[in-house]
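These notes are about the structure you will find just below.
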Amino acid sequence: MKKITFLLFSCSFLLSANLTAQVKKKVIHFGKEMSSEKISPEGHIRCATDEYEAFLQAKNPNRMSRDQFNSFLAPHIKAYNNRDLNETYSQSGGIIYIPVVVHIIHNGDAYGVNENITDEQVASQITVMTQDFRRMAGTPGFNSNPIGADIQIEFVLAKVDPNGNPTNGITRTNMCEVYWEIDAIDSTVKPATIWDPTQYMNMWSVNFGGADADILGYAQFPSNGTATANTDGVVAGYSYFGSSALYPAGSFSAPYDRGRTMTHEVGHFLGLYHTFQGGCAGENNTAGDFCADTPAVSTPNYGCTPRNSCTTGASDMIANYMDYTDDTCMNIFTANQKAIVVSVMNTFPRRLDLKTSLKDQPIALFANDAEVKIENLCTTVEPTCASPISATVAKKVLLYNRGTSNLTSATLSYNMNGGTNYNQNWTGNLAPNKYALVTLTNSTGNGTLNVSVATANGGADQRASNNSVSKTFGTNITIAYANATSFTFNLFGDSFGSETTWTLKNQAGTTLYSGGPYPDQATGGTYQHVTNQVWNLPANGCYYLTVSDSYGDGLFDGVGQGYYTVTAGATTLVNITDFVESGNPEFTVVSRSSYFTNNSTLSSDDFNLLEDVSLYPNPSRDYFTINLPAGIERNGKIEIYNSIGQRIAVKPIQTDADLNINVSSYSNGVYFLNLNIGDATKTLKFIKN
């Protein structure tokens with residue numbers, strides 16, 4: 001039997017601006033406080049690669065540690081140093097050409113506005129990286145230092161996409177978020193946009209924000225295996241992507257406005273450590289960056305002021321790309337750094353493959369070649385039966401010109417779910433590789449949108465392989481349906497009927513029927529609380545039943561297991577037999593919600609699916625569980641914000657296990673959880689104690 005107790009809770013919360021001002025600001029990344037030495041005088045974090053690598057290793061114990069990486073690489077570096085340095089080690093006269101794809105992540109801004117940076121700004125970044133890695137004479141990447149090295153790598157925007165179609169190596173994706181943090185970039189952005197990392201070096205330009213607003217960039221260090229293949233690449237904030245010297249009209253933030261953030265991060269991508277790695281203990285190559293020709297550095301250098309931070313060694317090499325100095329004073333990779341890069345390119349998964357990729361080689365082009373892509377649908381409105389989102393929002397497509405002639409007209413043919421076909425004419429003037437955003441006027445509704453290019457410049461499109469595209473909108477959950485207006489409800493509970501209540505609501509949230517609590521029984525077991533109750537419900541509606549238990553263990557008393565059903569004649573719409581919860585404090589309210597309809601034209605997207613979502617236990621010391629109704633897909637994300645509005649965590653939802661949130665490392669206080677499922681969102685408050 002359950003122990004019945006009565007608890008009185010009295011909580012008050014005082015948020016004071018004065019109190020907040022007295023607390024020293026801490027910079028937290030990946031759950032740990034970042035060393036103040038890695039924060040620039042302006043408050044920037046030049047690079048988060050070290051912390052990101054620790055994050056990856058914690059997730060994947062099989063990933064190489066730093067010592068394992070260097071032990072593996074050492075014989076390859078030795079072999080390289082013992083060979084003729086002029087010997088060809090790539091596919092073209094000693095030069096490695098790496099095909100690059102740049103993914104521009106934005107939230108609906110117009111071309112060239114905010115994070116939706118221009119093609120020209122992207123091109124300036126690729127130019128800078130080639131100048132720097134080639135030690136190119138007559139450019140800011142040249143140096144006359146005797147240990148300076150031409151890494152013999154050039155970067156080329158891809159000319160062929162993964163489907164064999166022409167591209168300019170730049171993708172633009174509206175992912176409906178104002179800003180991004182690293183864990184969300186890894187869990188959401190990269191897997192959704194990455195091109196084959198064995199054929200392309202993937203780069204992302206994003207708007208960092210939330211807890212990561214101060215970060216300039218980070219990279220994925222080379223390692224063994226394929227566990228992190230879908231996140232491999234380099235990332236930079238859009239204001240640090242490209243060079244203001246080459247493209248003054250771009251969006252930049254000095255003093256990191258000459259493209260060296262990405263030169264630095266690509267250095268990590270190719271196996272280079274920071275010059276200050278290991279501090280002064282890095283002298284004589286016993287730690288540090290494993291390069292004897294880069295003097296040890298005690299802490300990162302900022303600005304361009306020379307110093308000798310390790311008194312027994314040479315002056316700091318503040319011009320090295322792997323320090324943290326301003327962009328304008330960076331201009332050197334060394335011979336030892338080149339040996340590491342060459343060895344990595346010869347041995348590590350995906351780096352080795354890039355040497356032989358031909359995605360930078362042009363393919364035959366046609367005069368008239370239009371490509372179409374479907375834009376993501378962004379909304380923060382919660383769907384209901386009365387106002388389904390998809391019924392009022394038209395879809396948009398990106399119309400690209402992949403031909404050699406300017407694209408001045410096109411006809412788009414499209415339908416929803418294979419239904420009525422519509423034609424829409426577009427006119428304008430697109431230069432090669434430019435695009436237009438086109439709204440399809442008859443594209444409302446949920447389901448699969450099918451779009452194709454019918455004509456280009458008044459005639460047939462000369463390339464069929466990039467003419468058609470499909471995208472599904474909506475959550476695609478199957479909602480129980482019955483062609484009836486009379487429904488029957490049965491509820492069997494455990495012996496503690498006083499803990500059981502239920503409500504039936506329509507799409508407007510109006511309670512139509514309700515019941516409970518019920519009498520307690522003398523012995524444990526299963527008892528029928530509701531017997532064949534008839535619900536007469538209006539036609540063409542959508543309804544949801546919520547059953548709650550006020551003790552926190554569901555319809556289970558240790559002996560009997562409760563269950564409930566909703567039927568319409570021979571059709572069973574609701575059949576819940578497993579309402580059992582565990583690990584909750586006494587008197588925690590937990591609920592299950594089930595949805596059904598008697599309107600054949602409605603789908604799951606017409607429901608306010610998150611109406612009765614809750615989390616428990618609340619308050620909690622260690623973890624929370626989100627109570628997501630049965631039938632709602634496990635496909636979305638969870639965001640957690642602290643009491644002053646900073647996003648401190650984000651995680652994808654893919655299984656029921658993802659609905660368990662570990663908060664044991666959080667400070668005590670009030671937090672807010674944003675749940676995003678399809679087009680629906682809901683915010684829940686919880687207390688960590």
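Volume per residue, Å³, of the convex hull around the alpha-carbon atoms of the range 91-141? Each step should come with its number before you reach the end.
Working: hull volume 4.6 nm³, N = 51.
Spelled out: Cα convex hull of the range 91-141, divided by residues, is 91 Å³.
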Seminar exercise, completed: Taking every DSSP bridge whose two residues both lie in the range 197-302, the antiparallel percent to the nearest 5 is 50 percent
Problem set entry | For Ile653, distant residues with modelled amide H under 5 Å away | Gly636, Lys637, Ile638
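Past the 20 angstrom mark, what percentage of all C-alpha to C-alpha distances in the range 114-235 do you count? Walk me through the numbers on the way to the answer.
Values: 3950 of 7381 pairs.
I get 54 percent for the Cα pairs in the range 114-235 exceeding 20 Å.
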For this session: Return the distance in nm (one decimal) between the two label points of a simple spin-label model at Thr328 and Thr572, each offset 7 Å from Cα along Cα→Cβ.
Result: 7.5 nm
Exercise. What is the calculated FRET efficiency for Thr565 to Asp520, with r their C-beta to C-beta distance and R₀ = 25 Å, to the nearest 0.05?
Worked result: 0.65
Problem set entry | Unit Cα scatterers, Debye sum, the range 152-214: log10 I(q)/I(0) for q = 0.29 Å⁻¹ | -1.31
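At a 10 angstrom cut-off on C-beta neighbours, averaged per residue, how do the peptides 212-223, 449-460 rank from highest to lowest?
Numbers: 212-223: 23.8, 449-460: 18.0.
The packing order, highest mean first, is 212-223, 449-460.
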Problem set entry | For the range 413-535, Kirkwood radius (reciprocal of mean inverse C-alpha pair distance, Å) | 20.4 Å
Seminar exercise, completed: Share of accessible surface on carbon and sulfur in the range 487-552, whole %, 1.4 Å probe and ligands ignored, is 48 percent
For this session: Starting from the Cα-Cα distance between Cys304 and Asp196, subtract it from 0.36 nm times their residue separation and give me the gain in nm to one decimal.
Result: 35.1 nm
Problem set entry | P(r) of the range 416-482 over all Cα-Cα pairs, binned every 5 Å from zero, in whole percent | 3, 12, 20, 24, 17, 11, 6, 3, 3, 2, 0
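Just by accessible area at a 1.4 angstrom probe, what is the order of Ile147, Ile687, Ile117 from largest to smallest? Show your work: numbers first, answer last.
Values: Ile147 55, Ile687 35, Ile117 0 Å².
The ranking, largest first, comes out as Ile147, Ile687, Ile117.
Just to confirm a number: summing +1 for Lys and Arg and -1 for Asp and Glu over residues other than Tyr273 whose beta-carbon lies under 12 angstrom from that of Tyr273, what do you get? Please list the in-between numbers first.
Details: positive: Arg66; negative: Asp50, Glu53, Asp289, Asp323.
Residues near Tyr273 contribute -3 overall.
Want the number for Asn224 to Asn417: 0.36 nm per residue separation, take away the alpha-carbon distance, what's left?
Values: separation 193, 0.36 × 193 = 69.48 nm, distance 4.34 nm.
Contour length minus the Cα-Cα distance gives 65.1 nm.
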For this session: Would you kindly state how much longer the chain becomes between Asn506 and Ser667 on full extension, computed as 0.36 nm times their sequence separation minus their alpha carbon distance, in nm to one decimal?
Result: 54.0 nm
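Over every pair of different alpha-carbon atoms in the range 495-551, take the mean of 1/r and invert it; report that Kirkwood radius in Å.
Details: mean 1/r = 0.0784 Å⁻¹.
One over the average 1/r among Cα pairs gives 12.8 Å for the range 495-551.
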For this session: May I have the pair-distance distribution P(r) for the range 260-378, computed from all Cα-Cα distances with 10 Å bins from 0 and rounded to whole percent?
Result: 13, 33, 23, 15, 11, 5, 0
Seminar exercise, completed: Kirkwood-based Rg/Rh on the Cα set of the range 192-289 evaluates to 1.02
Seminar exercise, completed: So for R0 = 22 Å, FRET eff. of Asn346-Asn60 from the Cβ-Cβ r, to 0.05, ends up at 0.40
For this session: Mind checking the per residue accessible area of the range 450-521 for me, 1.4 Å probe, whole number of Å²?
Result: 43 Å²
Exercise. Viscosity 1.567 mPa s, temperature 4 °C: Stokes-Einstein D of the range 477-581 from its Kirkwood Cα radius, in µm² per second?
Worked result: 91 µm²/s
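Enter the mean projected area of the convex hull around the alpha-carbon atoms of the range 35-150, in nm², rounded to one decimal.
Numbers: hull surface 48.7 nm².
The number I arrive at for the range 35-150 is 12.2 nm².
With a 1.4 Å probe and all protein chains kept in place, how do Lys159, Lys338 rank by accessible area, largest first?
Values: Lys159 75, Lys338 25 Å².
Listed by decreasing accessible area, they come as Lys159, Lys338.
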Exercise. With each label point set 7 Å from Cα along the Cα-Cβ vector, what nm distance links Asn70 and Thr485?
Worked result: 8.0 nm
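Rank these by accessible area, largest first, 1.4 Å probe: Lys682, Lys78.
Result of the area sort, largest leading: Lys78, Lys682.
The values are calculated or read from the model by the stated rules, or taken from the named source; none is laboratory data. Not measured: the values here are computed from a predicted model. All Cβ positions, even for glycine, are placed from backbone atoms using ideal geometry, and neighbour counts span all protein chains on display. Quick note on the areas: whole protein, heavy atoms, side chains included, nothing else; ligands and nucleic acids left out. Shrake-Rupley method; radii C 1.70, N 1.55, O 1.52, S 1.80 Å.
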